[in-house]
Amino acid sequence: MGGETNVTIQATSQLYKPVFPTHWRRSPLYDLADWANGLSFRNTQFSPTGKPIIKISEIKYGISDQTKFTTECFDDSVHISNGDMLFSWSGQPETSIDVFWWRGPDGWLNQHIFKVTQKPHIDRIFFFYLLRYLRPNFVAIARNKQTTGLGHVTKRDLQRIEAAYPENIDEQRAIARILGTLDDKIELN
């Protein structure tokens, strides 16, 4: 068992080897944000009204007739609002593992999704693009752990990925602005 774990750790470390400017800081990705995992809801918590329970389907396709609702209240860490950053860490790797902006009503976060809140020294949009850049690595990690069709990216994986970023938040914002402009142009076409 220990040998298999060591091989997995070595394979994971080989996934992310980009070249960044030498003046950029390096840190475990996990340390750059707070990662609040959603809840596992029971059927008894569902109701015909209330706030929607946000699963991967709602993130990708919006609220639908299949969406479950609840009138119960939970911790603020799993309450999501329009514009929150969400990271889907479990599912079919190629189609589910990704970072998203929530574009919908207030709701409660379901299991297998992190609500991501960047630390004060990290620009929010820069961090979104950093996660987007790392998506192929997340997919590969999830594919290596795939069981019964589902793959996972765990907090431990996020702790093992070393991320590089400019220490100057204005430099982070400048990078995010350029990437956002490119994204906008792609969406227009």
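Observations on the model:
- Test: residue in the range 113-133 that is of a type outside the set (Phe, Trp, Tyr), within 23 Å of Leu39 (Cα to Cα) and surrounded by fewer than 19 Cβ atoms within 10 Å (Cβ to Cβ): yes
- Against the numbered list (1) surrounded by 13 or more Cβ atoms within 10 Å (Cβ to Cβ); (2) farther than 14 Å from Trp35 by Cβ; (3) among the small types (Gly, Ala, Ser), Ala163 comes up short only at (2).
- Only one of the numbered conditions (1) at pLDDT below 95; (2) surrounded by fewer than 16 Cβ atoms within 10 Å (Cβ to Cβ) is not met by Leu15, and that is (2).
- Screening Arg143 against (1) part of a helix (DSSP H, G or I); (2) under 26 Å from Thr22 (Cα atoms) leaves a single unmet condition, (2).
- Test: residue in the range 65-87 that is assigned to a loop (DSSP other than H, G, I, E, B), surrounded by 18 or more Cβ atoms within 10 Å (Cβ to Cβ) and aliphatic (A, V, I, L, M): no
The values are calculated or read from the model by the stated rules, or taken from the named source; none is laboratory data. What you see is a predicted model, and the numbers here were worked out from it, not measured in a lab. Methodologically, a virtual Cβ is constructed for each residue, glycine included, from the backbone with ideal geometry; neighbour enumeration extends over all protein chains shown.
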